[in-house]
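Since every read-out is calculated from the coordinates, none of them should be taken as a lab result. Quick caveat, the model's predicted, so the values are computed rather than measured. So basically every Cβ, Gly included, is an ideal-geometry build from the backbone, and we count neighbours across all protein chains shown.
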Amino acid sequence: MRKPALKVQQGIIQDRCGEADEPAVEFLAYDWRNRLVRRISTDRAATTNYFEAQGNSLPFELSPAFFRPEVLSKYKTDREKYTLDERDLRCRSAWSLRGIDVNEAGQVHAYICDLRSLPYAELLHWLSFNEAPKVGISKRAAVNDFEGKFVDFEAPLSAVQRVLRRWDSERVGFWQLQDGRLMDRVNKPLTSSRDEWGEAFMDLAKLLVEGFSTQRIRQELDAVRVLYALEDRTLLLLEKLLTKKGGTNVRLDGLRAVQSLRSRVKGHVGGSGADELSENALSEFETYGNHFDHVCREVAQDLQQIEAALIQRAPTEAAAPKA
C-alpha cells in the first residue's frame, strides 16, 4: 500500500492523503533503537514495534519524548476538567495520556505511541514544551515499562496516599476522607513556580490535616485521662495522645510542616515569612519538588506512628514489612 505523502514544517507533519485527517506532530525524542536524539512523528507509519521491526530501521513507538515540567501546569490549574494521577493524565469524557513520568532532571516524558492518542490541539500544546532529553527516563518507568516488573520503591507522596487509602477503606474513627477528589488533586510541584509549590501544600493539607477528627481525638484523650485545653489544635492533641500511648515526647514534624506551609506560603501575606520559607526550601533542597518529597517522607513517618498507636492490628499484619 502506498504511504501518504508527508510535508514537514516546524515540527508538524501534515498528512496529505486526505483533507479530513488531522495532522500528526513530530517530537524531539530519544530513538533508543538507533541510539540517537531525533524528531519522531506520531504518524503510525513513522514508527514500529518489536513484532514488525524486521527489515526496517524505524524508531520504536516506545521512544520517549521529553518536555519542560510546565507542560503539566495547564492541567493542574483546571482540576474540574483534568485529572492527573502518578502516571496518567485524563480529560473528562474526552481523552487520556498514559505512561507519563518525571525523570531525575525534572523533565516530563511520554512515549510516542501514547502521545499519538491526543487530539491535535493537545499535541501542539505538548510540542511547545518539547526539548532534548537531559537524562534518560525515570527509574520507575524503566522498571515498569521495559522490565515488566513492579517497582520495589515508592514515591514519598504515594507512601502518604497509600496509608490514607487504607485508613479510608478501614473507616478508622480518627480520620476521614472529606472529599474523594482530594486524593487525586495532590500533585508534586515540578516547576520553579512558588504558586505551584504553595498549591501542592494547600491540597495536601486539605487531604491530610483536615481529615483528622478533633472530637474523636479528644474522646481518646479523655479515655486515657490526658488534660488538654479547649483551644488546643488538632495536631497538638494528636501529639499529646501519641505521647501518652508511647511514653515518649512526640512531635509530628511532617504534619506541622504541611500545616505551616499551607497557611504561610499559599496566603501570600506580606511579612508572613513566605519569602523566607521559599528561600530556605530552595537553598536546602534545590527545587520545590525535592522539598515536597522531603516533607512527604516526614509525613509518611508521622502516619505510621499514628497508625501504630491508634489502630489495633493482628500480630501477623503488624509484623508484615511495609512496601
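Once the Cα atoms of helix 234-246 and of the chain are each reduced to a long axis, what angle between those two axes, in degrees from 0 to 90 to the nearest 10, is obtained?
Taking Cα atoms only, the helix is inclined about 70 degrees.
Say each of residue 83 and residue 216 gets a label point 7 Å from the Cα, pointing the same way as Cα to Cβ; how far apart are those two points in nm?
Distance between the two pseudo-spin positions: 2.5 nm.
What nm distance separates the two modelled labels at residue 192 and residue 134, each placed 7 Å from Cα along Cα→Cβ?
If labels sit at residue 192 and residue 134, their model points lie 1.0 nm apart.
Please work out the FRET efficiency for the pair residue 170 and residue 94, using the Cβ-Cβ distance as r and a Förster radius of 35 Å; give the result to the nearest 0.05. Provide the component values of the computation, followed by the final result.
On the way: r = 35 Å, r/R0 = 1.00.
That gives a FRET efficiency of 0.50.
So for the range 156-319, what are the equivalent ellipsoid semi-axes in whole Å, largest first, each being the square root of 5 times an eigenvalue of the Cα gyration tensor? Could you put the intermediate results ahead of the total?
Values: eigenvalues 160, 67, 42 Å².
In descending order the semi-axes read 28, 18, 14 Å.
Measure nothing fancy, just the Cα-based angle from helix 253-265's long axis to the longest principal axis of the chain, in degrees from 0 to 90, nearest 10.
Computed tilt is about 70 degrees.
Given 37 °C and 0.692 mPa s, how large is the Stokes-Einstein diffusion coefficient of the chain in µm²/s, with Rh as the Kirkwood radius over Cα pairs? Working shown, then result.
Values: Rh = 22.5 Å.
So the translational diffusion coefficient is about 146 µm²/s.
Figure the gain on full extension for residue 143 and residue 51 (residue separation times 0.36 nm, minus the Cα-Cα span) and round it to one decimal in nm. Mind dumping the intermediate values first?
Details: separation 92, 0.36 × 92 = 33.12 nm, distance 2.09 nm.
Between residue 143 and residue 51, full extension yields 31.0 nm more.
For a quick protection proxy, order the peptides 180-193, 278-291 by their average other-Cβ count within 10 Å, most packed first.
On the way: 180-193: 17.6, 278-291: 15.7.
Packing proxy ranking, top to bottom: 180-193, 278-291.
Any chance you could check the Cα centroid distance between the range 124-160 and the range 72-117 for me, in angstrom?
12
Angle check, please: helix 274-285 long axis (alpha carbons) against the longest principal axis of the chain (alpha carbons), in degrees 0 to 90, nearest 10.
Helix 274-285 sits at roughly 70 degrees to that axis.
Treating only the Cα positions of the range 104-175 as identical point scatterers, give the base-10 log of I(q)/I(0) from the Debye formula at each q in 0.14, 0.21, 0.22, 0.23 Å⁻¹.
With no solvent term, the Cα-only Debye profile gives -0.70, -1.00, -1.04, -1.07.
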